[in-house]
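All remarks here apply to the structure that follows.
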Amino acid sequence: MTKCVLFVCLGNICRSPTAEAVMRHIISQAGTTSQWLVDSCGTAGYHLGGAPDERAQAELAKHGITTMHRGRQLCKDDFKKFDYIFGMDEENFRNIKSLAPADNRAVLGLLGEYDKQGGKIIDDPYYGGEADFEEVYQKCLRCCQEFYRQASRDN
Ligand code: WE7
């Protein structure tokens, strides 16, 4: 069975496309691409069709990862399509829950819950600098690795 995971942030240009690209990379390295559907989106529709932020792309490139993602907004159908929907911060999480249908069966959570180094919140780097994008990348990497391990165990 295909495992379907959706990463969600505010604008879908920094954190969630980073998480998506990192997750794709992990899956590709493991040779399990055919078993997964991975995507990202924003709670806002501010960057529809746009490429990820240059700073997020530069951070990914440092680690040999590229992304072809284009911005899109979270919609009701996502709750039918995805098994896991992860927000980056509490505001994302509130917005995800408020769009969820009454009969929602997708697992809704924070990606940061998978961080063994604590944290829980993956902060918005939009008004930050390179160090903030680096931190986003490292958190996404730790969390996606741990999520991949857990999701691969319970089939
Ligand atoms: C962001 C953002 C992020 C903030 N990515 N934007 Cl200027 C704006 C207005 C509505 C929706 C979006 Cl998405 C954006 C552009 C894109 N990560 N973070 N804006 C942000 C952060 C803190 C306080 C205020 C804002 C607009």
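Loop-located trypsin sites (Lys or Arg not before Pro) in the range 75-119 (DSSP state not H, G, I, E or B) with no more than 14 neighbouring Cβ atoms inside 10 Å: Lys76, Arg105, Lys116. If the chain linking Tyr126 and Ala61 were pulled fully straight, counting 0.36 nm for each residue of separation and taking away their Cα-Cα distance, it would gain 21.6 nm. Here, the range 67-107 has an Rg and a Dmax of 10.8, 34 Å when only alpha carbons are counted.
On the principal axes of its alpha-carbon atoms, the range 80-139 has extents of 40, 25, 18 Å, going from largest to smallest. Among all the lysines, which ones have a C-alpha under 30 Å from Lys116's C-alpha, if same-chain residues fewer than 8 places away are not counted? Partners found: Lys3, Lys62, Lys80, Lys81, Lys97, Lys139. The ranking of Thr2, Thr18, Thr33, Thr43 by Cβ neighbour count inside 10 Å, starting from the fewest, reads Thr2, Thr33, Thr43, Thr18. For the pair Glu134 and Ala102, a Förster radius of 41 Å applied to the C-beta separation gives a FRET efficiency near 0.55, rounded to the nearest 0.05.
Relative contact order of the range 1-102: 37 percent, from C-alpha pairs under 8 Å at least 6 residues apart in sequence. When its C-alpha radius of gyration is set against 2.2 N^0.38 Å (N residues), the chain gives a value of 0.95.
All of the numbers you see were taken from the coordinates with simple rules; none came from a lab. Worth saying up front: this structure is predicted, and the values here are computed from it rather than measured. Cβ sites come from the backbone with ideal geometry, for glycine too, and all protein chains shown count toward neighbours.
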